[in-house]
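What follows is a single structure, written as structure tokens, with notes after it.
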Amino acid sequence: MNGVVLISGGGSNLQSIIDNAEKINLSIQCVVSNRPDVYGLERSAKANIPSCILDHKLFKSRRDFDQALMSVIDEHQPDIVILAGFMRILTDEFINKYQGRMLNIHPSLLPKYPGLNTHQQAIDASDTLHGASVHFVTKTLDGGPVIAQKKVKINPEESAETLAAKVLKQEHVLYPEVIHWYTQGRLKLLDATTATLDGQVI
Ligand code: GRF
């Protein structure tokens, strides 16, 4: 399957997808970053994957940016759009277009802690478990149906930084695995709140 990966930063999840691409039957057609000078772009260059910078600051509105992003994505006719640390709120028009073939990874055990600063929130709440979730992207921010999660324990002396590193390690295992389910045709979005794996509601 052909995929386009959207990033905004270091791209360690992108790296794990690149490293597993052959195994999970994914051909990454293009990496798009909304920020110039991020390390994720170097990762795509090293892997000889075409990339594109669409700096959101150069667009008049969110809609204009999303229109340009759709044009870039559609040049590659992807079967799957993979958000890997892509830090932009997307317009409904954009989401409607790719709903059912767009995945995101989020660093919390959703539905807990959508949005930012998830690691600190988990520590502040004295949670003993934290983790990462992969979900289909729908119009609710970080609110589409969860497909799979990985959990980590929160130690008593945990900082947001140590916890983030632990979670990220799990993300690198989780995301390629879920993408593989998708490329095998095992994963479907039935409606905005329901996903299935092998025909079974998750
Ligand atoms: C990850 O924690 C991901 O869950 C979140 O943003 C971070 C991206 O990290 N959406 P990286 O750019 O893949 O290293």
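Here are a few things to note about the model shown:
- Comparison of I17, I105 shows that the only residue that is open to solvent by less than 20 Å² (accessible area, probe 1.4 Å) and either part of a helix (DSSP H, G or I) or more than 16 Å from the ligand (Cβ to nearest atom) (or both) is I17.
- Test: residue in region 63-81 that is within 15 Å of the ligand (Cβ to nearest atom) and not in a helix (DSSP H, G or I): yes
- Some residue of region 61-79 being open to solvent by less than 20 Å² (accessible area, probe 1.4 Å), closer than 25 Å to A160 by Cα and touching a Phe, Trp or Tyr at 6+ places or on another chain (Cβ under 7 Å): no
The values are calculated or read from the model by the stated rules, or taken from the named source; none is laboratory data. Note that the coordinates shown come from a computational prediction; the quantities given were computed from them, not determined experimentally. All Cβ positions, glycine included, derive from the backbone under ideal geometry; neighbour counts span all protein chains shown. With ligands, DNA and RNA removed, areas are computed over all heavy atoms of the protein, side chains included. Shrake-Rupley method; radii C 1.70, N 1.55, O 1.52, S 1.80 Å.
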